[in-house]
2 protein chains.
Amino acid sequence: MTDFPDSHRDLLDAPVAAFSTVGADGIPQSTLVWFLHEDGELKLSLNNSRVKYRNLLKRPHCSLLLLDPNSQYRYLEVRGQVRIDPDDDYVFAGRVGAKYGADVREYDAPGTSRVMVTIEPTRVYPVDMTG
Amino acid sequence: MTDFPDSHRDLLDAPVAAFSTVGADGIPQSTLVWFLHEDGELKLSLNNSRVKYRNLLKRPHCSLLLLDPNSQYRYLEVRGQVRIDPDDDYVFAGRVGAKYGADVREYDAPGTSRVMVTIEPTRVYPVDMTG
């Protein structure tokens, strides 16, 4: 289990994070994502039709920037490898949806499915410049 | 000059963006940054002692996610190459500081300097899920 700093533990339950992968051209690709802190780990539910999923299959590492909704000067960067597990039955997606009061299935095109992405951090970097 | 979508032009003057580079280990590195929209281009002032500057010297591409301070469901991703110009006299840093009402020099350790990073977009991707 990752040792997240006490000073930034509240951000593990923050509403949104910036998630970055690396494209085939070597250029980072970033989007805002929902995420879930569960069993001490940071996890995402990704649709398997998305670019970020395909990036992770080929280059299984990422950065997740947990944003403080109240301050642009405080955040937690988590860099690391990813572990990808199937979530065809949407069990994990359901737990993410519960955090957000949403039915994740509504966002998915027919014929697509979901995976659970678990981040295995190699670096955790807390930032607080709120003074 | 880049053709930014009208729907997201306000974000070109947003207060903060998530900036991602790629580390030597291939893992994305992300931080929140100040930026300036000037002469139709997106530019950052970086201290030359920072990891992201060293990443850009070796891997001159990035992603910049312009965040809507009022909604986590609306943002503009700009991916591309970067052009790096010296800013030893802090002329550009001064213009960034003016946007934020800050003296950028106060953040810099003695013996360090600044560069101006200009993004040359290869992809501009607007997101609006505010419904």
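The values are calculated or read from the model by the stated rules, or taken from the named source; none is laboratory data. Since the model is a prediction, treat every value here as computed from it, not as a measurement. Cβ atoms come from the backbone with ideal geometry, glycine included; neighbour counts cover every protein chain shown. What goes into the accessible areas is simple: the full protein's heavy atoms, side chains included, and nothing from ligands, DNA or RNA. Shrake-Rupley method; radii C 1.70, N 1.55, O 1.52, S 1.80 Å.
With every protein chain present, what is the per residue accessible area of the stretch A:1-65 (1.4 Å probe, Å²)?
39
So what is the calculated 222 nm ellipticity per residue for chain B, using -39500 (n - 2.57) for each DSSP H run with n of 4 or more, over all residues, to the nearest 500 deg cm²/dmol?
Value at 222 nm, helices only: -4000 deg cm²/dmol.
Expressed as a whole percentage, what fraction of the accessible surface of the stretch B:6-128 belongs to carbon and sulfur atoms when a 1.4 Å probe is rolled over the protein heavy atoms?
Here carbon and sulfur together make up 47 percent of the probe-accessible area.
From Cα pairs below 8 angstrom and at least 6 apart in sequence, can you work out the relative contact order of chain B, rounded to a whole percent?
29
When you look at the Cβ of every residue in A:13-19, what mean number of other chain Cβ atoms sits within 10 Å?
4
I'd like the interface area for chains B and A: accessible area of each alone minus the complex, both sides summed, 1.4 Å probe, protein heavy atoms only. What is it in Å² to the nearest 100?
2400
Could you list which residues have their amide H under 5 Å from that of A:GLN29, counting only those 5 or more apart in sequence or on another chain, with H placed in the peptide plane?
A:THR21, A:VAL22, A:GLY23
Is the shape of the stretch B:6-128 best called rounded, prolate or oblate, per the rule: a/c under 1.5 gives rounded, else a/b larger than b/c gives prolate, else oblate, with a ≥ b ≥ c the square roots of the Cα gyration tensor eigenvalues?
Oblate is the answer for the stretch B:6-128, as a/c is 1.5 or above yet b/c matches or exceeds a/b.
Placing +1 on the Cβ of each Lys and Arg and -1 on the Cβ of each Asp and Glu in the protein assembly as shown, which of A:GLY111, B:TYR75, A:HIS61 has its Cα farthest towards the positive end of the resulting dipole?
Farthest towards the positive end: A:HIS61.
Just reorder B:ASP3, A:ASP85 by solvent-accessible area, largest first, 1.4 Å probe, all chains present.
Highest to lowest solvent-accessible surface, that is B:ASP3, A:ASP85.
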